[in-house]
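Rule-based calculations on the coordinates, nothing more; no lab input. What you see is a predicted model, and the numbers here were worked out from it, not measured in a lab. Here Cβ is always computed from backbone atoms with ideal geometry, including for glycine, and neighbour counts include all displayed protein chains.
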Amino acid sequence: MISFSPSEEQELIQQTVSEFAQNEMREISRECDETGSVPREFLEKTWELGLVNSMIPEELDGGGMERSPVTTAIVLEELAFGCASLACAALSPTTFIHPLLDFGTDEQKKEYLPLFTGTSFHAASMALAESHFTFDLGALRTVAEPKGDGYVLSGIKRMVPLGDRASHFLIIARSASNEGIGGVEAFIVPRDAKGLAIADEGEKTLGLRALPLSKLELERVEVAASQRLGGEQGIDAAQLFAAARTASLAVGLGLSRAMLETSIPYAKERYAFGQPIAQKQTIAFWLADMQIEVNSMRWLIWKAASHLEHGLPAAKPMALASSYAQREMIKIADNGLQVFGGHGYIRDYPVEMWYRNARTITVLDTVAAL
Amino acid sequence: MIDFTLSQRDEAILENQREQAMLCRKYARYYDEHEEEFAPDVLPEADSFESKPLPETDSARDTNGAVMGMLTTMMQNYGDYTIRLRRGKGGLGNAALAASGTPEQVERWRGQTLAMAITEPGCGSDSKAIQATAVLDEATNEWILNGEKIFVTTGCRADGVVVWATLDKEAGRGGIKSFIVMKGTPGFDVTHKEKKLGIRADDTAAMVFRDCRIPRDHLLGGKESVSRKGGGGFKGVMKTFNMTRPAVGAIGIGIAQAALDFTKEELAREGVVIDYMAAPHQRSAIAEKLIEIEADIDAAVLDILHSAWLSGEAKPNNTEASIAKAKGGEVARTATQRCIGLLGSLGISREYLLEKWFRDSRITDIYEGTGQIQRLIIARDILGYSAAELS
Ligand SMILES: Cc1cc2nc3c(=O)[nH]c(=O)nc-3n(C[C@H](O)[C@H](O)[C@H](O)COP(=O)(O)OP(=O)(O)OC[C@H]3O[C@@H](n4cnc5c(N)ncnc54)[C@H](O)[C@@H]3O)c2cc1C
């Protein structure tokens, strides 16, 4: 049944997260960007909301909510409406948790999910991006060679969220024997694994600066067979990637909506030539287009998420959503900045930050792991 | 629950529509090139065509009727803009009748095809500027209509027409009323049939009213008073468009989908493959463009379905109807433009329907409010502006 109706549960979560974003994120967003850090208290507050572990089963002391990529998209849109970098930072552990829920063996779930059901924020994340410009999921340069019962991982991972504090990483690697997407595997690697080096200095980026990102070097890191996600079955990399990318698109969506909703009152208050600039058609039509595209992107993202939720192949709807969002998100940020004129360029307003963040999220979309 | 899957019944309905659409498509070229002929109301295949039986309804799974209506419109236009296996009665005027007519009026003109005549030589987008007049003759209880209307869809074939005229030009929007005038009424003449870029099998007429007298109860909705303050009945009439605007988007997108499928099939024959998972540097430029067109079409489809879904749920959809029309119209024309570009010189051959789809789809960003007018409506809604504040 084609329906755009969120469930009651989703509506409730949306409302809660929306309030949280207004009250706890907007205000600190600029400072976090300037200092390039995420406050511990903020992470603890999101932890209390239960957003990270909500989909871990009750038997494992999680929130017990159904694993729903649509709900994740709704949550991320609202959080990113507050601040995209903080949203990414807070939910980065889900890049570890959700694949575990989707593909992990029972033993893996029992072993690792309880890490996240304690009372304070616990960091872990997925390591996907690599150290060269032509990232290709079907031709990863991080390789897993079989050795004895286990594997040996070698390669470089970049832009790994929460790399400064994560206890575990989900390392995405290519199996030495299998080409293409079918050969993509995920390995659970603890921070202290022998041969894993985490760069002391964090990655320095254009946007999403509050999100700690790290460079990881894996030099013949040995892992047991039991650390291969999904055990013998392995993972469905296309679905895993689609889920990760859909989630990061939802961050971009929240960011786009923030740009639109901040531009509207500004355009009504700012006068030029004796009239609010919103009464000039050029500006008014930009705003109309921003509204059109925010809607369009949301439905495309929901559609991809809904495919995941139904267990239908999601690579195509995700690719369409991604193609569309890549073009429109940056346009929205671009026109939003232009609505603010010179003020849009000054760091007193959040607009220049959102412009940087929009450029960042639309490429992290293909390489990072939210 | 947020969901984008179709029930078995939904799918069966659309499959039946698809088969009909493909039959209709066979006639598309002929009536495009013979615009002086009218396409038959019933195709020769109509009697032998058998719809496949549908699975039982399942209200927990089936998609709401308004959304299915849009998907059906898309599928019909996937076949052809004009040709139908059996053409139903009805035109744009019937939507106005249903939305604003009194129960007696609705009953009286049921089953008649009514065109809608708003546009005049001097005004289109600015419909409140119409010059056609209606004057009440108290002695005979008749309205006397005078004026000229252009671009009236199905004006030639319709049984009658819903005409906009003003009782009082000073009153602006508040003075505008709609009247039902049937063919054969003295003083009402269809004067011209337009020759167009596309949708050539569809007739588009010019008409004049010269001291055309119609009974007093032909005023749609029956309210004769002129509102001097606000829009009066005008707003109600404009509401009609909340249903028809998404449908215009659906028409355009049905055509765009036909163009894209044709383009993909022809290119696939030449070895062009689309790998949705391929990394950007591994994708051919042509595959990248096809994905972009497909994404644009999907976005428009979802905007259209969203606005229809809202109306099916009896929720307001003014902004969303305009979003559906704006996005649908824009993607319809740009998708067909790009498809021709991807197929190169054979893309313009009249051996194929692609060039026709390029011409046909172009109308959807023009009538029932151009893309610019839709953006005005959206902008006013989100800014909280009146028409006077943003025009
Ligand atoms: C095939 C066909 C069928 C039609 N069917 C019908 C029908 O059944 N009934 C009927 O009444 N009419 C019908 N129309 C008329 C159609 O609705 C109008 O052509 C349309 O609304 C545009 O009006 P216009 O042609 O006068 O253009 P104009 O109003 O002169 O507009 C010209 C250009 O200016 C732009 N513009 C106008 N105002 C503004 C503004 N405020 N801000 C920014 N840009 C603006 C428009 O977007 C357009 O690009 C039909 C037209 C065609 C071609």
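Ordering B:Trp164, B:Thr140, B:Pro215 by Cα displacement along the dipole of the range B:101-232 toward the positive end leaves B:Trp164 in first place; charges were set at the Cβ atoms of Lys, Arg (+1) and Asp, Glu (-1).
Summary of the geometry: the range A:218-232 and the range A:295-340, compared by the centres of their Cα atoms, lie 33 Å apart. For the range B:103-176, the convex hull spanned by the alpha carbon atoms encloses 119 Å³ per residue. In plain terms, the residue of B:Phe49, A:Phe116 with the fewest other Cβ atoms within 10 Å comes first and the most crowded comes last, giving B:Phe49, A:Phe116.
Compute the signed sum of charges (Lys and Arg +1, Asp and Glu -1) over the other residues within less than 10 Å, Cβ to Cβ, of B:Arg210. Overall, the nearby charge balance is -3. When only alpha carbons of the range B:236-383 are considered, Rg and Dmax amount to 16.8, 54 Å. Across the range A:1-100, C-alpha contacts under 8 Å between residues 6 or more apart give a mean separation that, scaled by the residue count, equals a relative contact order of 35 percent. Evaluated at q = 0.19, 0.29 Å⁻¹, the base-10 log of the normalised Debye intensity for the range B:8-76, with identical point scatterers placed on the Cα atoms, takes the values -0.84, -1.30. Each principal axis of the Cα cloud of the range A:125-227 was taken in turn, and the coordinate range along them, longest first, works out to 40, 29, 17 Å. Compactness of the range B:19-161, taken as the C-alpha radius of gyration over 2.2 N^0.38 Å, stands at 1.34. Taking each DSSP H run with n ≥ 4 as -39500 (n - 2.57) and averaging over every residue of the protein assembly as shown yields -15000 deg cm²/dmol at 222 nm. In chain A, taking the dipole from charged Cβ atoms about the Cα centre, the farthest positive-side position among A:Leu162, A:Leu60, A:Trp299 is held by A:Trp299.
When the C-alpha to C-alpha distance is required to be over 31 Å, the pairs from B:Lys149/B:Lys325; A:Lys157/A:Lys316; A:Lys110/A:Lys194; A:Lys45/B:Lys315; B:Lys89/B:Lys193; B:Lys26/B:Lys193 that qualify are A:Lys45/B:Lys315. The ratio of the alpha-carbon radius of gyration of the range B:234-321 to the globular-protein estimate 2.2 N^0.38 Å is 1.45. Neighbour counting of Cβ atoms within 10 Å sorts the residues B:Asp203, B:Asp261, fewest neighbours leading, into B:Asp261, B:Asp203.
Using a cutoff of 8 angstrom between alpha carbon atoms and counting only pairs six or more residues apart, the relative contact order for chain A works out to 19 percent. Please compute the volume of the convex hull spanned by the alpha-carbon atoms of chain A and report it per residue in Å³. About 131 Å³ per residue, rounded to a whole number.
Placing +1 on the Cβ of every Lys and Arg and -1 on the Cβ of every Asp and Glu, with nothing else charged, gives chain A a dipole about its Cα centre of roughly 1160 debye.
Between the listed residues A:Leu255, B:Val226, B:Gln337, the Cα displaced farthest toward the positive end of the dipole of the protein assembly as shown, a dipole computed from Cβ unit charges relative to the Cα centre, is found at B:Val226. DSSP beta bridges fully contained in the range B:80-183 are about 70 percent antiparallel. With 0.36 nm allotted per residue and the present C-alpha distance subtracted, the A:Glu8-A:Leu206 stretch has 67.5 nm of extension available. Counting beta carbons within 10 Å around each of A:Tyr345, B:Tyr78, A:Tyr271, B:Tyr367 and listing the fewest first gives the order A:Tyr271, A:Tyr345, B:Tyr367, B:Tyr78. Other protein chain C-beta atoms within 10 Å of residue C-beta, averaged over B:374-381: 5.
Convex hull volume of the C-alpha atoms in chain B, normalised per residue: 169 Å³. Sorted into 10 angstrom bins from 0, the C-alpha pair distances of the range A:237-367 split as 14, 41, 27, 13, 5, 1 percent. Shielding by partners for peptide B:269-282, expressed as the average number of C-beta atoms from other protein chains within 10 Å of each residue's C-beta, is 4. Among beta bridges from DSSP that stay inside the range A:125-227, the antiparallel ones total about 85%. A simple charge model with +1 on the Cβ of Lys and Arg, -1 on the Cβ of Asp and Glu and nothing else charged puts the dipole of the range B:170-315 at about 1220 debye relative to its Cα centre. Annotation: aspartates and glutamates with alpha-carbon distance below 16 angstrom to B:Lys183 (same-chain offsets under eight excluded): B:Glu148, B:Asp159, B:Asp203, B:Asp211.
Take each peptide in B:315-324, B:343-352, B:143-152, count the other Cβ atoms within 10 Å of every residue, and average; sorted highest first, the result is B:315-324, B:143-152, B:343-352.
Taking Lys and Arg as +1 and Asp and Glu as -1, the other residues whose beta-carbon sits under 12 Å from that of A:His168 total 0.
Relative to the compact-globule estimate of 2.2 N^0.38 Å, the Cα radius of gyration of the range A:93-146 comes out at 1.42. Karplus-based coupling profile of the range B:145-150, in residue order and whole Hz: 9, 9, x, 10, 10, 10, with θ = phi - 60° in 6.51 cos²θ - 1.76 cosθ + 1.60 and x standing for Gly or Pro.
One quarter of the convex hull surface built on the alpha carbon atoms of the protein assembly as shown amounts to 35.7 nm², the projected area averaged over directions. Modelled label positions at A:Thr119 and A:Phe273, each set 7 Å beyond Cα in the direction of Cβ, lie 6.2 nm from each other. Under the convention that each Lys and Arg Cβ holds +1 and each Asp and Glu Cβ holds -1, the size of the dipole of the protein assembly as shown around its Cα centre is about 2060 debye.
When the alpha carbon gyration tensor of the range A:8-116 is reduced to an equivalent ellipsoid, its three semi-axes come out at 25, 16, 11 angstrom, largest first.
The mean sequence separation of alpha-carbon pairs under 8 Å and at least six residues apart, normalised by the residue count of chain B, gives a relative contact order of 16 percent.
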